[in-house]
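First up is the structure itself, then whatever we jot down about it.
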Amino acid sequence: MDSPRERFFAGVRAQAPPLIGIVPFGLVTGVASIAAGLTPFETLAMSIACFSGVVQLVSVQLHAAGAPLAVILATAAVLSLRLVMYSVGLTPWLGSLPLRWKLAVAYVLTDNAYALAVVDFRHHPDRGNKHWFLIGTGAISWTVWQISVLVGIFVGAQVPASWGLDFTFALTFLALLVAVVPDRASAFAAIVGGGAALAAYFLPLKLGLVTAALAGIAAGMAWHALEKKWSG
Amino acid sequence: MVWLMILGTAVVTFALRFSFLGTVKPHSLAPSVKEALRFVPAAVFAAIVVPQVLIREEAIHLAPDNPRLLAAIAALVIAWVTRSVTWTLVGGMVALWVVQWWIGG
C-alpha cells in the first residue's frame, strides 16, 4: 500500500489534472524567453536549472527590459520566498529524510506539488514513503514542463496573443486557492492576502507579493485567535 | 550576462526551496510557526491571483469591462462547485474567450 512504487504513481495521478495548466504556462515561458533574446539552448538550460515558471518568466522579462543582474536576482529571490514557506510547510513530514532525498524533493518542489502533497499528507498522515509522492508529482510535471517550454521555443510564437494563454497561470492558482480554503480563518487570510497584493502591487522590486502574503498570514492567525477567544 | 542570470536564478531558487527542508528538524518547530504555516497557501495563492486578474497594463482595472475579472468570477464558481483544476481551467478560458468576443464584438 505504501510502497515507493504505489506512492510514486499516486503522485503522478494527483499531478495529472494540473498538467493542463502547465502546458500553456510552459508555452508562454518559452515564447517570452526567445522574445527576450535568449537562444533556444539558453532557454532550455534556464528551464532545467530553475524549474520555476514564475522565476523564468519574470527574469527574462526583466532581462529584456535591461534590468541589472542584481535586480533580476533580488526579484527571483522575492518570487521564490513562497518556496521557503513550502519548504517550512513540508518539514514536519519530510524533515528527517536523508540529505539526498531532501535535495531531490527540493528540486521538484512547486506550487502544484506542494498543494497536492499537503492535501495527501493531511488525509493520510500515517502513510510511509511520503517523499515518493513528491518524486511522482515532480517526475511528470518536470517532463511536461520541459516539453512545453521546448514547444514554446520553436512554435509558440505562432499562437495569437488574443487567445490569452497567459491567463491559464492565474486560473491554475485560482483552482489551487479554492482547494486550500477549508475554513473561515483561511478565507480571511486569502481575502486580506489578495487585497494587500493589489494595494502593494506598485512596491519596488516586486516586494508586493511577499508583503501581501505576510499580511494574509497575519490576518488568518488573528481571525483564528479571535475565534478561539469567542468560543472559549 | 545571460549565463550569469541563469546560474544566479537557479542558485537562488534552489537555495530557497531547500532552505528549511535542509536545516530545521520537525520537533523544533514552534506551535506558533505551525499555526502560521496553515495560512501560507491561502494567503500566497490569493496574492498571486488577484494582481494577475485585476492589473492590466500596470494599472488597477476593477470594472465590468475587464474580461479577466468576469472570467475569474466564473472560474471561481466553477472551482468551488467542481473542485477540479481541469474544469476551472477549461471553464475559465472559455469564459475569457466569450467575454472578449462579447466586449470586442
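Helix B:85-104 sits at what angle to the longest principal axis of chain B, using alpha carbons and giving 0 to 90 degrees rounded to 10? It works out to around 40 degrees.
Multiplying the residue separation of B:V98 and B:R56 by 0.36 nm and subtracting their alpha-carbon distance yields 13.3 nm. The mean count of C-beta atoms from other chains within 10 Å of the C-beta of residues in A:113-124, rounded to a whole number, is 1. Step through the residues of region A:128-138 one at a time and calculate ³J(HN,Hα) from phi using the Karplus curve (6.51 cos²θ - 1.76 cosθ + 1.60, θ = phi - 60°), rounding each to whole Hz and writing x for Gly and Pro. So the J values, rounded to whole Hz, are x, 6, 4, 4, 5, 4, 6, 5, x, 4, x. Identify, among A:Y107, A:S96, A:T211, the residue whose Cα sits farthest towards the positive end of the charge dipole of chain A, taking +1 on the Cβ of Lys and Arg and -1 on the Cβ of Asp and Glu, with the dipole about the Cα centre. Result: A:S96.
Here region B:23-105 is treated as a Stokes sphere of Kirkwood radius computed over C-alpha pairs; at 4 °C and 1.567 mPa s its diffusion coefficient rounds to 86 µm²/s.
Each of A:Y201, A:Y114 was scored by other Cβ atoms within 10 Å of its Cβ. Listed from fewest to most, they are A:Y201, A:Y114. For the pair region A:135-173 / region A:39-111, the C-alpha centres are spaced 17 Å from each other. For region A:181-232, the Stokes-Einstein estimate of translational diffusion at 37 °C and a viscosity of 0.692 mPa s comes to 292 µm²/s, using the Kirkwood hydrodynamic radius over alpha-carbon pairs.
Working from Cα pairs under 8 Å separated by at least six residues, relative contact order for region A:67-170 is 25 percent. Based on the Kirkwood approach, the hydrodynamic radius assigned to region A:1-130 is 16.4 Å, with every pair of different Cα atoms included. Using the Cβ-Cβ distance between A:D126 and B:V90 with R0 set to 51 Å, the FRET efficiency works out to roughly 0.90. Using Cβ point charges alone (K and R +1, D and E -1), the dipole size of the protein assembly as shown about the Cα centre works out to roughly 840 debye. Across peptide A:176-187, the mean count of Cβ atoms from other chains lying within 10 Å of each residue's own Cβ comes to 6.
For chain A, the convex hull spanned by the alpha carbon atoms encloses 145 Å³ per residue. Given the pairs A:K229/B:K34; A:K130/B:K34; A:K102/A:K228, which are separated by over 29 angstrom at their Cα positions? Checking Cα-Cα distances, A:K102/A:K228 exceed 29 Å. Across chain A, the mean sequence separation of Cα contacts (distance under 8 Å, 6 or more residues apart), normalised by length, yields a relative contact order of 31 percent.
Dipole orientation for chain A: of the candidates A:A161, A:M221, A:S33, A:M221 has the Cα lying most toward the positive pole (charges on Cβ; Lys, Arg +1; Asp, Glu -1).
In a simple Cβ point-charge model (Lys, Arg +1; Asp, Glu -1; nothing else charged), region A:8-158 has a dipole of about 340 debye relative to its Cα centre.
Amide H contacts under 5 Å for B:R56: B:H61, restricted to partners 5 or more places along the chain or on a different chain, H placed in the peptide plane at 1.01 Å from N. By other beta-carbon atoms within 10 Å, ranking A:D111, B:D65, A:D2 with the fewest at the front produces B:D65, A:D2, A:D111.
We did not get these values from a lab; they are worked out from the coordinates using the rules stated. Please read all numbers here as calculations on a predicted model, not as lab measurements. All Cβ positions, glycine included, derive from the backbone under ideal geometry; neighbour counts span all protein chains shown.
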